[in-house]
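> Encoded as structure tokens, here's the structure I'll be asking about.
The values are calculated or read from the model by the stated rules, or taken from the named source; none is laboratory data. Remember, it's a predicted structure, so these values are computed and weren't measured experimentally. Because the Cβ atoms are built from the backbone with ideal geometry, glycine has one as well, and the counts that use them run over all protein chains shown.
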Amino acid sequence: MTTPIVSIRNLKVAFAGGAVRAVDGVDLDLGRGEAVALIGESGSGKSVTLRSLMRLNPERRTRVEGSITVDGRDVLAMSARELADFRGAVVSMIFQEPLLALDPVYTVGQQIVEAIRRHERVSRAAARERALDLFRRVRIPSPERRLDAYPHELSGGMRQRAMIALALACRPKLLLADEPTTALDATVQIQILLLLRELQRDLGLSIIFVTHDIGAAVEVADRILVMYAGRIVEEGTARDLIRAPRHPYTIGLLKSRAHGALAKGARLEAIPGAPPDLANLPPGCSFAPRCPLAIEPCRADRPPLVAVKESQRARCIRTEAAATLAPQLEPTG
Ligand SMILES: Nc1ncnc2c1ncn2[C@@H]1O[C@H](COP(=O)(O)OP(=O)(O)OP(=O)(O)O)[C@@H](O)[C@H]1O
Ligand SMILES: [Mg+2]
């Protein structure tokens with residue numbers, strides 16, 4: 001077995017002098033060429049986890065514990081110089097809002113050429129050739145002409161593609177995608193998801209994809225990790241989590257979205273209550289106050305991650321009872 005490209009152990013990230021525990025003991029392994037999705041409600045710590053992999057949280061105001069290894073390197077031990085080499089060339093990030101990643105005063109082509117030349121000694125012409133190749137890969141029509149466009153001259157979908165091209169400019173092995181399709185309309189969203197899948201296959205990329213949308217997660221990811229209040233509460237293959245979720249929170253997420261595969265007449269229910277205050281987490285399971293299955297021990301001790309089967313684990317002591325709550329899927333095939 002090859003070593004994973006990403007290995008996170010007991011990662012804890014806190015803000016406000018340690019009071020706000022945004023990430024509270026996350027373990028995550030990502031195989032080479034694998035795509036995983038991190039899902040969960042707003043404020044669960046998805047972006048903070050992702051940013052930790054590139055050390056993009058504001059260092060002076062952030063307390064970090066645990067270990068992060070990416071492609072064999074100890075991320076938390078890197079010098080500023082090593083970090084500058086590492087960002088872009090080993091790991092790259094794409095965002096919901098491409099205008100934050102793209103500079104308005106340069107053409108998208110110039111930005112890609114500059115990014116390449118910052119990391120590698122190649123001629124301007126060779127870098128532009130690679131930019132053109134990237135534009136073709138991300139399926140931007142009339143790529144030669146579009147390379148000379150400024151970001152605001154491109155449509156939202158095209159801008160998203162240009163940002164992906166920029167992220168891939170220095171041939172990273174790992175792509176981090178933070179809600180990359182949330183701002184796009186449904187048809188463009190699907191196109192971008194399919195594009196990411198294709199890039200993953202063709203370039204052997206590893207991807208961590210953050211989303212609110214369990215449907216989008218199933219589209220791009222081999223494996224899904226569900227995050228709640230800074231912890232991974234369930235993980236499994238996309239199929240495991242859709243067909244047989246075992247954490248009451250995952251079940252709540254599935255029931256709260258209008259999913260085509262839910263049985264006719266299945267009601268859409270919101271998860272009652274609100275996510276906890278990260279500065280005041282309850283002692284036991286963070287989800288217990290909202291959980292329909294919570295019993296006394298849930299409120300007393302932090303639940304362990306229980307193996308439900310080989311590919312699936314849930315941080316819950318009531319996985320058997322949870323099985324009976326899972327939404328009914330229409331039989332397929
Ligand atoms: N730099 C920071 N300083 C202080 N608190 C922060 C900082 N960054 C994030 N947080 C807090 O950490 C918690 C987790 O934030 P994070 O951005 O990871 O959530 P998320 O799961 O990505 O949510 P969303 O789905 O809304 O993007 C939130 O309570 C947020 O306010
Ligand atoms: Mg986020």
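> Of all residues in segment 283-313, which are of a type outside the set (Val, Ile, Thr), touching a helix residue (DSSP H, G or I) at 6+ places or on another chain (Cβ under 7 Å) and either assigned to a helix (DSSP H, G or I) or within 22 Å of residue 241 (Cα to Cα) (or both)?
285, 287, 288, 291, 292, 293, 294, 298, 299, 311, 312
> While we're on this one: Being hydroxyl-bearing (Ser, Thr, Tyr), away from ligand 2 (no atom under 16 Å from the Cβ) and assigned to a helix (DSSP H, G or I), is that true of even one residue in segment 230-241? Explain how you work it out, then say what you get.
So in segment 230-241, the residues hydroxyl-bearing (Ser, Thr, Tyr) come out as 237.
Then drop every residue that is not away from ligand 2 (no atom under 16 Å from the Cβ), which leaves 237.
Subset that is assigned to a helix (DSSP H, G or I): none.
No, that holds for no residue.
> Quick one: which of 15, 95 is more than 30 Å from residue 156 (Cβ to Cβ), within 15 Å of ligand 2 (Cβ to nearest atom) and touching a helix residue (DSSP H, G or I) at 6+ places or on another chain (Cβ under 7 Å)?
Exactly one of 15, 95 is more than 30 Å from residue 156 (Cβ to Cβ), within 15 Å of ligand 2 (Cβ to nearest atom) and touching a helix residue (DSSP H, G or I) at 6+ places or on another chain (Cβ under 7 Å), namely 15.
> Also, I was wondering about something else. Do we have residue 44 as buried (at least 22 other Cβ atoms within 10 Å of the Cβ), in the same structural domain as residue 235 (by TED's automatic domain parsing) and polar (S, T, N, Q) here?
Yes.
> Go through (1) over 20 Å from residue 305 (Cβ atoms); (2) touching a residue at least 60 places away in the same chain (Cβ under 8 Å); (3) outside any helix (DSSP H, G or I) and name the single condition residue 26 misses.
Of everything listed in (1) over 20 Å from residue 305 (Cβ atoms); (2) touching a residue at least 60 places away in the same chain (Cβ under 8 Å); (3) outside any helix (DSSP H, G or I), residue 26 misses just condition (1).
> I'd like to check something: does segment 180-194 contain any residue that is closer than 21 Å to residue 87 by Cβ and outside any loop (DSSP other than H, G, I, E, B)?
No, segment 180-194 contains no residue that is closer than 21 Å to residue 87 by Cβ and outside any loop (DSSP other than H, G, I, E, B).
> Collect the residues in segment 104-120 that are modelled with pLDDT of 95 or more and among the charged types (D, E, K, R), keeping them in residue-number order.
The answer is 114, 117.
> Have a look at 322, 300 and point out the one that is more than 16 Å from ligand 1 (Cβ to nearest atom) and crowded, with 18+ Cβ neighbours inside 10 Å.
One residue alone meets the criteria, 322.
> Out of all the residues in segment 209-217, is one or more surrounded by fewer than 19 Cβ atoms within 10 Å (Cβ to Cβ), more than 30 Å from residue 306 (Cβ to Cβ) and within 16 Å of ligand 2 (Cβ to nearest atom)?
No, because not a single residue in segment 209-217 is surrounded by fewer than 19 Cβ atoms within 10 Å (Cβ to Cβ), more than 30 Å from residue 306 (Cβ to Cβ) and within 16 Å of ligand 2 (Cβ to nearest atom).
> Does residue 205 satisfy the criteria of being closer than 19 Å to residue 85 by Cα, of a type in the set (A, V, I, L, M, F, W, C) and either within 16 Å of ligand 2 (Cβ to nearest atom) or modelled with pLDDT of 95 or more (or both)?
yes
> Step by step: first the residues of segment 13-23, then only those that are free of Cβ contacts under 8 Å to residues at least 60 places away in the same chain and surrounded by fewer than 17 Cβ atoms within 10 Å (Cβ to Cβ), then the one that is farthest from residue 221 (Cα to Cα). Which residue is that?
17
> Now for a different question. Scan segment 56-69 for residues that are more than 10 Å from ligand 1 (Cβ to nearest atom) and either in contact (Cβ under 8 Å) with a residue 40 or more places away in the chain or in contact with a helix residue (DSSP H, G or I) (Cβ under 6 Å, 6 or more places away or on another chain) (or both) and jot them down.
63, 64, 65, 66, 67, 68, 69
Condition check ((1) buried (at least 17 other Cβ atoms within 10 Å of the Cβ); (2) more than 16 Å from ligand 2 (Cβ to nearest atom); (3) modelled with pLDDT of 90 or more) across all residues:
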site: 221; (1), (2), (3): yes, yes, yes
site: 247; (1), (2), (3): yes, yes, yes
site: 258; (1), (2), (3): no, yes, no
site: 274; (1), (2), (3): no, yes, no
site: 283; (1), (2), (3): no, yes, yes
